[in-house]
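A.B. asks: Below is a structure I'd like to ask you about.
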Amino acid sequence: MPASNPEKTMKKYLLGTFLALLFLPSQLIWGKTVVVYHTSDIHGYFNGFPALSALVKKEKNPHLLVDSGDWFQGTPEGNLSKGANAITLMNAVGYNAAVVGNHDYDYSENNLKELSAAAKFKMLGAVYSGGSPVNYTAPYEIVAVDGVRIALVGVQSDRTKYTVAPANIAGLTFNNGVAEVTQRVAEVKKQSVNAVIVLAHSPTCEACATGTPLSEWIPSHEDLTRGNLAMARAVKGDVAVIMGGHVHTVFPQGYYDSESGTLFVESGSKSSGVTRVQLEFDDTTGRFKGAKAQYMALSGLQEDTEIKTMLKAITDEVGGIMDKTIGEAAAAIPREGPTLDSPIANWVNDAMKKFAGTQIALINSTGLRNGFPRGKLTLRDVYQVLPFDNYLVTLDIPGERLEALLKNTVTPERSKIQVSEGVTIRYSLSSDSASVTDIKVFFNGAPLDPNAVYSVATADFYAGVITGAANLHNTNVLVRDVLNREVKESSPITPPRSGRIELVK
């Protein structure tokens with residue numbers, strides 16, 4: 001074998017290295033990288049914060065940490081302090097900005113003002129009072145990160161008026177998201193920004209919230225006219241990333257829309273994970289070149305001991321109150337079941353009906369956030385089923401109006417309203433299973449009488465959207481206290497009969 005020539009070997013090595021570098025994406029050689037970490041819909045579940053803090057601290061690139069709203073509502077740790085614990089922890093972890101979610105108004109606008117004053121990060125979202133912007137949130141914030149100017153635009157859905165108790169947002173108005181993004185993008189473009197990121201408390205894929213895989217998503221009329229996709233396409237090429245929320249979905253590697261040139265990110269809920277978005281810029285011109293996203297679960301990652309200690313102090317204080325056993329469940333009562341009626345909603349409705357002495361009880365499906373585990377039940381378990389401070393009310397609803405209300409509740413994927421024992425909703429599906437047909441409502445086995453008047457128990461929040469009712473009476477008893485009483489008096493509790501919303505094939 002001939003001896004190797006060291007000079008030739010070195011030339012080949014250098015040539016190979018040069019060619020490899022030549023064909024690498026240019027931003028990996030000469031570009032500038034900025035990383036944005038995104039969370040959403042924390043809802044008072046702070047267990048992921050120690051890992052989140054450690055992860056962000058290890059990031060070697062210039063970076064931001066942002067959130068898409070609903071920070072505290074959902075657990076005693078979040079609610080008992082009316083959100084103050086959430087702000088304390090978000091300050092400590094180092095958030096830079098967060099858009100306000102609908103549930104961040106749950107303890108009134110004045111409470112949100114206090115939270116904003118305590119926050120070391122910018123609260124975003126264009127909110128108007130009497131036609132003028134409020135002073136506790138901002139429509140956008142421009143931040144400089146290693147010389148890169150990024151505009152963070154906050155969007156609250158105009159649907160906020162339907163998802164917050166009216167008294168908590170009296171006098172406030174919220175713009176349509178498409179109009180808001182169009183206006184704010186035009187404003188920030190005049191201020192020499194390198195990229196625009198929209199933080200939105202609204203979804204990209206409505207159907208993904210009810211189980212449609214992102215890979216099979218066909219944008220609906222709603223998606224194309226009101227949602228995040230509509231926002232991006234209204235300003236094609238001007239928004240780098242839209243970071244959505246509200247429906248608790250996860251986009252593992254984001255979703256890129258070629259028509260708008262926008263990357264969409266959604267990061268789940270309950271601090272169970274975070275999305276790392278890497279943005280690339282030309283090092284010479286500052287021009288935005290592209291972005292990629294990766295969702296990461298936080299469970300099992302290294303934790304920041306300082307944040308862990310802060311969190312333990314909060315959970316220990318709350319646990320002394322909320323972790324007392326009040327009863328037990330003979331079997332698990334989950335939030336989701338094999339049919340459109342929810343097992344936990346069935347139990348809640350039956351408890352309300354029993355307490356109020358009405359013929360029927362109704363509750364909105366989104367008002368219930370968890371189920372019961374099998375075994376011992378605590379005040380915390382009940383709280384996590386119904387974290388909202390809603391009061392039990394009774395009212396009389398004409399049969400014709402009640403029938404229309406219940407017929408309008410069912411879709412192929414879910415029912416917006418859940419019903420008590422004695423009420424049965426039977427429905428069929430179209431041949432392509434895309435729509436509901438032939439809905440019939442029964443009470444105690446007979447068709448609902450349109451000429452009768454039915455006594456109904458429900459939560460005050462839901463009662464506020466029922467029209468045509470009479471004799472509204474507030475019991476001044478929290479629905480949650482009704483549930484606590486039922487657990488104590490009826491233990492061991494068992495799952496109620498399912499199939500109250502029945503598909504007829």
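The values are calculated or read from the model by the stated rules, or taken from the named source; none is laboratory data. Predicted model only: the values in this text are computed from it and were never measured. Here Cβ is always computed from backbone atoms with ideal geometry, including for glycine, and neighbour counts include all displayed protein chains.
A.B. asks: Quick check on region 289-298. Is at least one of its residues assigned to a strand (DSSP E or B) and at positive phi? Walk me through how you get there before you give the answer.
C.D. replies: From region 289-298, those assigned to a strand (DSSP E or B) are 289-297; that's our starting set.
Pick out the ones that are also at positive phi and you get 290.
Yes; the residues of region 289-298 include at least one that is assigned to a strand (DSSP E or B) and at positive phi.
A.B. asks: Considering only region 155-187, state which residues are of a type in the set (S, T, N, Q) and either within 21 Å of Asp389 (Cα to Cα) or surrounded by fewer than 17 Cβ atoms within 10 Å (Cβ to Cβ) (or both).
C.D. replies: Of the residues in region 155-187, the ones of a type in the set (S, T, N, Q) are 156-157, 160, 163, 168, 173, 175-176, 182-183.
Answer for region 155-187, where residues must be of a type in the set (S, T, N, Q) and either within 21 Å of Asp389 (Cα to Cα) or surrounded by fewer than 17 Cβ atoms within 10 Å (Cβ to Cβ) (or both): Thr160, Thr163, Asn168, Thr173, Asn176, Thr182, Gln183.
A.B. asks: On to the next question. Please count how many residues of region 364-376 are in contact (Cβ under 8 Å) with a residue 60 or more places away in the chain and over 14 Å from Pro495 (Cα atoms). Explain how you work it out, then say what you get.
C.D. replies: To start, the set of residues in region 364-376 that are in contact (Cβ under 8 Å) with a residue 60 or more places away in the chain comprises 364, 367, 369, 372.
Pick out the ones that are also over 14 Å from Pro495 (Cα atoms) and you get 364, 367, 369.
Of the residues in region 364-376, 3 are in contact (Cβ under 8 Å) with a residue 60 or more places away in the chain and over 14 Å from Pro495 (Cα atoms).
A.B. asks: Quickly run through region 259-298 and pick out the residues that are hydroxyl-bearing (Ser, Thr, Tyr), modelled with pLDDT of 95 or more and farther than 19 Å from Cys208 by Cβ. Walk me through how you get there before you give the answer.
C.D. replies: Within region 259-298, the first condition is being hydroxyl-bearing (Ser, Thr, Tyr), and the residues that meet it are 260, 262, 267, 269, 271-272, 275, 284-285, 295.
Narrowing the set further to residues that are modelled with pLDDT of 95 or more leaves 260, 262, 267, 269, 271-272, 275, 295.
Correct list: Ser271 only.
A.B. asks: Condition test on Leu65, is it closer than 18 Å to Gln278 by Cβ, in contact with a helix residue (DSSP H, G or I) (Cβ under 9 Å, 6 or more places away or on another chain) and modelled with pLDDT of 95 or more?
C.D. replies: Numbers: closer than 18 Å to Gln278 by Cβ: yes; in contact with a helix residue (DSSP H, G or I) (Cβ under 9 Å, 6 or more places away or on another chain): yes; modelled with pLDDT of 95 or more: yes.
Yes.
A.B. asks: Is it the case that some residue within region 261-273 is touching a helix residue (DSSP H, G or I) at 6+ places or on another chain (Cβ under 7 Å), touching a residue at least 40 places away in the same chain (Cβ under 8 Å) and under 19 Å from Pro373 (Cβ atoms)? Break it down into steps so the answer makes sense when it comes.
C.D. replies: Start the filter on region 261-273 by keeping residues that are touching a helix residue (DSSP H, G or I) at 6+ places or on another chain (Cβ under 7 Å), which leaves 262, 264, 271.
Right, trim to touching a residue at least 40 places away in the same chain (Cβ under 8 Å) and you get 264, 271.
From the residues that got through so far, the ones that are under 19 Å from Pro373 (Cβ atoms) too are none.
Looking through region 261-273, none of the residues is touching a helix residue (DSSP H, G or I) at 6+ places or on another chain (Cβ under 7 Å), touching a residue at least 40 places away in the same chain (Cβ under 8 Å) and under 19 Å from Pro373 (Cβ atoms).
A.B. asks: Are there any pairs with C-beta distances below 6 angstrom linking a residue in region 486-497 that is assigned by TED's automatic domain parsing to the domain that holds Glu328 to a residue that is assigned to a loop (DSSP other than H, G, I, E, B) and surrounded by 14 or more Cβ atoms within 10 Å (Cβ to Cβ), with the two at least 6 apart or on different chains, and if so which?
C.D. replies: Between residues of region 486-497 that are assigned by TED's automatic domain parsing to the domain that holds Glu328 and residues that are assigned to a loop (DSSP other than H, G, I, E, B) and surrounded by 14 or more Cβ atoms within 10 Å (Cβ to Cβ), the close pairs are Pro495/Ala331.
A.B. asks: Still on this structure, please answer the following. Residues that are modelled with pLDDT under 95, at least 1 per element: which strands (runs of 3 or more DSSP E) completely within region 83-200 meet that?
C.D. replies: On the way: elements: 97-99, 122-124, 127-129, 140-145, 148-156, 172-174.
Because the criterion is at least 1 residues that are modelled with pLDDT under 95, the strands (runs of 3 or more DSSP E) in region 83-200 that meet it are 127-129, 148-156, 172-174.
A.B. asks: Turning to a different aspect of this structure: State which residue is surrounded by the most Cβ atoms within 10 Å (Cβ to Cβ) when the search covers only region 340-387 and only residues that are in a loop (DSSP other than H, G, I, E, B) and of a type in the set (A, V, I, L, M). It would help to see each step written out before you state the result.
C.D. replies: Narrowing region 340-387 to residues in a loop (DSSP other than H, G, I, E, B): 340-342, 357-359, 368-371, 373-374, 386-387.
Those still in the list that are of a type in the set (A, V, I, L, M) too: 340, 368, 386.
Details: Leu340: 24, Leu368: 21, Leu386: 21.
In this case the residue turns out to be Leu340.
A.B. asks: In region 416-432, which residues are small (Gly, Ala, Ser), at pLDDT 95 or above and surrounded by fewer than 17 Cβ atoms within 10 Å (Cβ to Cβ)? First the steps, then the outcome.
C.D. replies: Step one: of region 416-432, the residues small (Gly, Ala, Ser) are 420, 422, 428, 430-431.
Okay, now just the ones that are also at pLDDT 95 or above, so 420, 422, 428.
Residues satisfying the conditions are Gly422, Ser428.
A.B. asks: Would you mention how many residues in region 388-415 are touching a Pro at 6+ places or on another chain (Cβ under 8 Å) and either over 21 Å from Thr467 (Cα atoms) or surrounded by 17 or more Cβ atoms within 10 Å (Cβ to Cβ) (or both)?
C.D. replies: First, pick out the residues of region 388-415 that are touching a Pro at 6+ places or on another chain (Cβ under 8 Å): 398-400, 403.
Then keep just the ones that are either over 21 Å from Thr467 (Cα atoms) or surrounded by 17 or more Cβ atoms within 10 Å (Cβ to Cβ) (or both); that gives 398-399, 403.
Within region 388-415, residues that are touching a Pro at 6+ places or on another chain (Cβ under 8 Å) and either over 21 Å from Thr467 (Cα atoms) or surrounded by 17 or more Cβ atoms within 10 Å (Cβ to Cβ) (or both) number 3.
Let's see how each residue does on (1) touching a Phe, Trp or Tyr at 6+ places or on another chain (Cβ under 7 Å); (2) farther than 23 Å from Phe251 by Cβ; (3) surrounded by fewer than 23 Cβ atoms within 10 Å (Cβ to Cβ):
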position	(1), (2), (3)
Lys32	yes, yes, yes
Val36	no, no, no
Ser40	no, no, no
Tyr45	no, no, yes
Ala51	no, no, no
Val56	yes, no, yes
Asn61	no, no, yes
